[in-house]
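Working notes, structure below.
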Amino acid sequence: MNIGEAAQRAGVTAKRLRHYEAIGLMPKAARSHGNYRAYSESDVHTLRFIQHARLLGFAIEDIRALLGLWRDKRRTSREVKRLVERHGAELRERMAELEAMLGALEHLARHCHGDDRPDCPILEGLADGKHRNSSTFRRSAKNRL
């Protein structure tokens with residue numbers, strides 16, 4: 001099948017498929033006589049695996065590791081579980097950071113009149129950093145700089 005059909009069947013774009021090939025997540029496609037990419041059912045299956053892992057928020061290097069484990073029939077499930085649990089812990093940390101940011105934004109919004117006056121507690125809060133009242137928020141902000 002051609003790149004468009006393979007991409008559609010896996011739920012990605014052709015551009016994304018070419019990207020996965022370029023970074024080595026997908027093997028280089030076979031080529032037709034006209035030098036067009038040609039994909040097999042196995043390629044589509046691998047592409048779906050990658051897509052599902054991306055939808056769960058795994059980083060490219062983690063997907064690379066998961067693909068290796070998926071292909072290794074002698075792997076232990078312990079290795080897979082460890083990787084997934086680490087990713088879950090990272091997601092929980094990111095969720096805490098996002099909740100802290102949301103709390104700071106809500107605090108700023110509650111203190112703004114939102115009227116025609118020029119004074120704005122939101123802008124003042126951003127300027128003086130008073131919204132950074134939690135260690136989680138400070139850690140999150142520091143990590144993004």
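The values are calculated or read from the model by the stated rules, or taken from the named source; none is laboratory data. The structure presented is a predicted model; accordingly, all values stated were derived computationally and were not measured. We place every Cβ from the backbone using ideal geometry, glycine too, and count neighbours over all the protein chains shown.
Just one residue in the set LEU98, LEU108 is aliphatic (A, V, I, L, M) and within 13 Å of GLY57 (Cβ to Cβ); that residue is LEU98.
Per-residue answers, yes or no, for (1) under 18 Å from the mean Cα position of the chain (by Cα); (2) touching a residue at least 24 places away in the same chain (Cβ under 8 Å); (3) in the same structural domain as HIS19 (by TED's automatic domain parsing):
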{"residue": "ILE63", "(1), (2), (3)": "yes, yes, no"}
{"residue": "VAL80", "(1), (2), (3)": "no, no, no"}
{"residue": "MET95", "(1), (2), (3)": "yes, no, no"}
{"residue": "GLU106", "(1), (2), (3)": "no, no, no"}
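Considering every residue within the range 51-66, establish whether at least one is touching a Ser or Thr at 6+ places or on another chain (Cβ under 7 Å) and at negative phi. Within the range 51-66, not a single residue is touching a Ser or Thr at 6+ places or on another chain (Cβ under 7 Å) and at negative phi.
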